[in-house]
Structures are given as C-alpha cells and as structure tokens.
1. Report ³J(HN,Hα) in whole Hz for each residue of region 89-102, in order, from the Karplus equation J = 6.51 cos²θ - 1.76 cosθ + 1.60 where θ = phi - 60°; Gly and Pro get x.
2. Points 7 angstrom from Cα along the Cβ direction at SER40 and TRP132: gap in nanometres?
3. Whole-Hz Karplus ³J(HN,Hα) for region 37-44, in order, using 6.51 cos²θ - 1.76 cosθ + 1.60 and θ = phi - 60°, x for Gly and Pro?
4. With r as the distance between the Cβ atoms of THR110 and ASP57 and R0 = 22 Å, compute the FRET efficiency 1/(1 + (r/R0)^6) and round to 0.05.
Amino acid sequence: MKAPLRVLTMLGITCALLPMTAATSHAAGSTATTDCVTASETRDFGRGEISVCPQGDGTYRATGWVEDLLPGDGAFGGPDGGCVSWALSSAHAYETFTTMACPHFSGPATVQIDDVITPAHPITKAQLTTLWF
C-alpha cells in the first residue's frame, strides 16, 4: 500500500513542477529577443521619444521622433550650432546616432525616426544629444 502512495506522491510533485519549468524556460527565451530600449527626454536644446528594438538578425529598428528646440542660424558657438539626435550606445561605447533634426540646415525642426541599424554590440541606452557641424 505504501508503494502506490509513494508513486502517486512523486507523480503529483513532478506534474506540479513541470508547468513552472516550462513557464520559466519560455519567459527566459522570449525576453532575450524582445528587450527594447526606450527613452523620453526634454533638454534645453531638444526633446523626443525613441524605442530601439532588436529584430533577431543582428539589426535594431529605431522608431520615434526628435525635435530641435533651438533652430538658430547654426553658427558654431552661437545660440544653436548643433543638430539634435539620439545617441545609441552599448555597454562598450557609442554605437551610432539616429536621424537628426537640423532646422538651421533647412530641415524641419521635428523629424520622425524610423531607422534600421546594425550595431557592433547590443544597444543598452538611448540619450538625447547635440551634434555639432
């Protein structure tokens, strides 16, 4: 009588643990390929929002917008000599920049971003920045 009870107990424990193992395995697999980096910033020179998501083939899709809040004449050292962009970086270094808002070069003050990039390392951070030309 004790043997069937032990078998049923072990079977019950095994069945109870299987869903937890499967759920943990599934969750770990799905987060590795869908972790997006998102950011929203407002600074004195610009503002915007961005989402940078891996596409599973080594590329990332960056979507969002950026606005230059100081669309001056672009004179270096003047009130506005820079374009506004998102700097995308990894744990190692800056990797790339997104589409820029450069109204002092006859562009719009606000631009939509829809870029596909291939960084050397996984993107971990997005920061609003000014690029000087």
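1. 10, 10, 5, 9, 5, 5, 9, 6, 10, 8, 3, 9, 9, 9
2. So the two model labels end up 3.1 nm from each other.
3. Residue by residue, region 37-44 yields 9, 10, 7, 9, 9, 10, 10, 5 Hz.
4. Values: r = 30 Å, r/R0 = 1.37.
Between ASP57 and THR110 the formula returns 0.15.
Bear in mind these aren't lab numbers, they're just calculated from the coordinates by the rules spelled out. Please read these numbers as outputs of a predicted model, since none were measured by experiment. For neighbour counting, all protein chains shown are included, and Cβ atoms are generated from backbone atoms with ideal geometry for every residue, glycine included.
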